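Worksheet for the structure shown next.
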Amino acid sequence: MIITIILLIIIAITAYYFLSNKYKTKQDIAISDTVYKPLLAQHIPFYQNLDRQSRLLFEQKVVAFLAGITIEGIGTIVEDADRVMIASSAVIPIFGFKDWRYGNLTNVILYPDTFDGEFQFEGENRNILGMVGTGYMNGQMILSRAALIKGFSRAAGKENTAIHEFVHLLDKSDGATDGVPENLLAHDYVMPWLKMIHQEIHKIEAGKSDINPYAITNEAEFFAVVAEYFFQKPDELKHKHPELYAMLSTIFMQDRAKDNVV
Ligand SMILES: [Zn+2]
């Protein structure tokens, strides 16, 4: 009975979003460059570290992303700064690729804070910060607004929930969220990458690694967690885990460590 009610609520919410998005105009999601440029400069360290030409490219990718995606708040208002942070989280992992579109994403749903597995954001067991939808939720990403903002704050450290979720989407683009992005990684690299993952998981389990222990959940979580580290603290990752850094640099076609930034 309870499951039926929950299912009905989920179906109703999904139907509402599909219908409401259908009648949305581009103005709802577009932000002018006078708005987003200062916000990028203010909130996005990755953008701050780019040279002028790369900033321009980043801005174009942000605009292109926002033009094709609907961002909605449930129980929270979506502000321009939130849109810029979501778009940046999408652009950062694909910034090294010439052309990339998130073909498997149509909507980002923002919740005020953590939510549970049934997408309720109040009550007990609120511990999920972000997720990429599967099945009937395909094409949807849910993010905690608090986690989104924290990921771009000074307190973020090696963690950035929104980047983590977009890396899952990249991973998923070959059909399987398995920690091996087949369409980004040449076949010869797959076995060394898996070996590297399992070696580092052993180190984390033995308490001999500074990587977030959530990475040991499975290969997909490992990939998303170390990708956060790669984009948040490239110098530290390169220093402490040179092999991991080199592999991620190959996968994302980016070399963010300071000694390499042109
Ligand atoms: Zn994850």
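Each reported figure results from applying straightforward, stated rules to the coordinates on display, with no laboratory input. Given the structure is predicted, the values throughout are model-derived calculations rather than measurements. Positions of Cβ are generated from backbone atoms using ideal geometry, with glycine treated the same way; all protein chains shown enter the neighbour counts.
Below is a table of values for the structure above.
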read-out: Among the residues listed as Lys238, Lys233, Lys203, the single one being more than 30 Å from Phe65 (Cα to Cα), out of contact with any Pro (no Cβ under 6 Å at 6 or more places or on another chain) and more than 11 Å from the ligand (Cβ to nearest atom); value: Lys203
read-out: Failed item in (1) in contact (Cβ under 8 Å) with a residue 40 or more places away in the chain; (2) small (Gly, Ala, Ser); (3) not in a helix (DSSP H, G or I), with Ala227 passing the rest; value: (3)
read-out: Identity of the residue in segment 206-223, assigned to a loop (DSSP other than H, G, I, E, B) and within 14 Å of His164 (Cβ to Cβ), that ends up farthest from the ligand (Cβ to nearest atom); value: Ile211
read-out: Residue check for Tyr245: under 20 Å from His202 (Cβ atoms) and surrounded by fewer than 21 Cβ atoms within 10 Å (Cβ to Cβ); value: no
read-out: Any hit, segment 159-174, residues being over 14 Å from the mean Cα position of the chain (by Cα), surrounded by fewer than 18 Cβ atoms within 10 Å (Cβ to Cβ) and farther than 15 Å from Ile251 by Cβ; value: no
read-out: Qualifying residue in segment 144-152 (condition: more than 16 Å from the ligand (Cβ to nearest atom), in a loop (DSSP other than H, G, I, E, B) and at positive phi); value: no
read-out: Residue under evaluation Tyr245, criteria (1) more than 16 Å from the ligand (Cβ to nearest atom); (2) in contact with a helix residue (DSSP H, G or I) (Cβ under 6 Å, 6 or more places away or on another chain); (3) more than 23 Å from Asn183 (Cα to Cα), criterion not met; value: (3)
read-out: Hits in segment 175-191 (condition: among the hydroxyl-bearing types (Ser, Thr, Tyr) and part of a loop (DSSP other than H, G, I, E, B)); value: Thr177
